[in-house]
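*Asks:* Below you will find the structure I want to go over with you.
The values are calculated or read from the model by the stated rules, or taken from the named source; none is laboratory data. Given the structure is predicted, the values throughout are model-derived calculations rather than measurements. Please note: Cβ atoms are built from the backbone with ideal geometry, for glycine as well, and neighbour counts cover all protein chains shown.
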Amino acid sequence: MSEVSVSILDCDFNNLNSEIEKVNNTNINYIHIDIMDGVFVDRNTKKLFDLDKISNLTDKNLDIHLMIENPLDSIDEYININPYLISFHIENNDKILKCINKIKSKGINAGIAINPNTNLNLLKPYLKDIDLVLVMSVFPGKGGQKFIDSTYERIQKLNYLKDDYDIKISVDGGVNNSNSKKLLELGSDILVSGSFLIKNSNILTAYKSLLNH
């Protein structure tokens, strides 16, 4: 079953209660939290999200995306809010298995995120250990970027790679109702969508348009 995760990176943080309430009034499955450290990517969002407050405002599962150097050192602080999923990047990371094991030891799903220009074959040694691959369809760092068309081929290839494993494919970046149908047809399980959903005057209609064509 296709699922949707809403990225709230571009939401109105001055009116967080009403922004989360809009999400609560839909069947959106997850709230996607983009954690950046200003090193792995230029932007720093570590203090942007009040995760305790967000957790208290919603019953939606939290989907944490770590765009940070040395994620192993920071995983504990995100484990503490008991999210559904924590994803970290494969790039510049020599402690991938340790990251996976730390996340899964707490009963949380573990995902690996991969940038648009990173070889998918690097994922192969870890597919048996993870629950999800987060395929970046833009270069991480800011919301509202244009979807990279080569993502379609990457989703297709990843589908072949994961045939023997029980993992989901999530796609993140520039996802809207002009590309969602093809992404789902090619094997995406979760669509991560930010500005298309959160800035839409009717988030419910926008959500339905991602899944219904």
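*Asks:* Pull up segment 189-199, narrow it to residues that are surrounded by fewer than 20 Cβ atoms within 10 Å (Cβ to Cβ) and under 16 Å from the mean Cα position of the chain (by Cα), then point me to the one that is nearest to residue 169 (Cα to Cα).
*Replies:* Of everything passing the filter in segment 189-199, 189 is nearest to residue 169 (Cα to Cα).
*Asks:* Moving to a separate point now. Can you list residue pairs whose Cβ atoms sit under 6 Å apart, with the first residue in segment 168-196 being closer than 16 Å to residue 136 by Cβ and modelled with pLDDT of 95 or more and the second being among the charged types (D, E, K, R) and surrounded by 22 or more Cβ atoms within 10 Å (Cβ to Cβ)? Count only pairs 6 or more apart in sequence or on different chains.
*Replies:* Final answer for the pair search is 192/172.
*Asks:* Output the residue which, of all residues in segment 200-211 that are polar (S, T, N, Q) and in a helix (DSSP H, G or I), is surrounded by the fewest Cβ atoms within 10 Å (Cβ to Cβ).
*Replies:* This residue is 205.
*Asks:* Here is a follow-up. Within segment 10-48, how many residues turn out to be buried (at least 21 other Cβ atoms within 10 Å of the Cβ) and under 22 Å from residue 91 (Cβ atoms)?
*Replies:* Qualifying residue count for the region: 6.
*Asks:* If you don't mind, another one. Within segment 1-24, can you find the residues that are in a loop (DSSP other than H, G, I, E, B) and within 18 Å of the chain's Cα centre (by Cα)? Full working, then the answer.
*Replies:* Filtering segment 1-24 down to residues in a loop (DSSP other than H, G, I, E, B) leaves 1-2, 8-12.
Passing the criteria: 1, 2, 8, 9, 10, 11.
*Asks:* Could you tell me whether residue 181 is surrounded by 18 or more Cβ atoms within 10 Å (Cβ to Cβ) and not aliphatic (A, V, I, L, M)?
*Replies:* Working: surrounded by 18 or more Cβ atoms within 10 Å (Cβ to Cβ): no; not aliphatic (A, V, I, L, M): yes.
It is false that residue 181 is surrounded by 18 or more Cβ atoms within 10 Å (Cβ to Cβ) and not aliphatic (A, V, I, L, M).
*Asks:* May I ask you to say which residue of 159, 109, 115 is at pLDDT below 95 and either touching a strand residue (DSSP E or B) at 6+ places or on another chain (Cβ under 8 Å) or more than 20 Å from residue 189 (Cβ to Cβ) (or both)?
*Replies:* Working: 109 fails: at pLDDT below 95; 115 fails: at pLDDT below 95.
Step by step, each of 159, 109, 115 is checked, and only 159 is at pLDDT below 95 and either touching a strand residue (DSSP E or B) at 6+ places or on another chain (Cβ under 8 Å) or more than 20 Å from residue 189 (Cβ to Cβ) (or both).
*Asks:* Pick from segment 92-145 the residues that are among the acidic types (Asp, Glu) and surrounded by 15 or more Cβ atoms within 10 Å (Cβ to Cβ): which of them is nearest to residue 82 (Cα to Cα)?
*Replies:* By that ranking, first place goes to 131.
*Asks:* Evaluate the following for residue 59: is it farther than 21 Å from residue 190 by Cα and surrounded by fewer than 13 Cβ atoms within 10 Å (Cβ to Cβ)? Step through it out loud before you land on a result.
*Replies:* On the way: farther than 21 Å from residue 190 by Cα: no; surrounded by fewer than 13 Cβ atoms within 10 Å (Cβ to Cβ): yes.
For residue 59, the condition - farther than 21 Å from residue 190 by Cα and surrounded by fewer than 13 Cβ atoms within 10 Å (Cβ to Cβ) - is not met.
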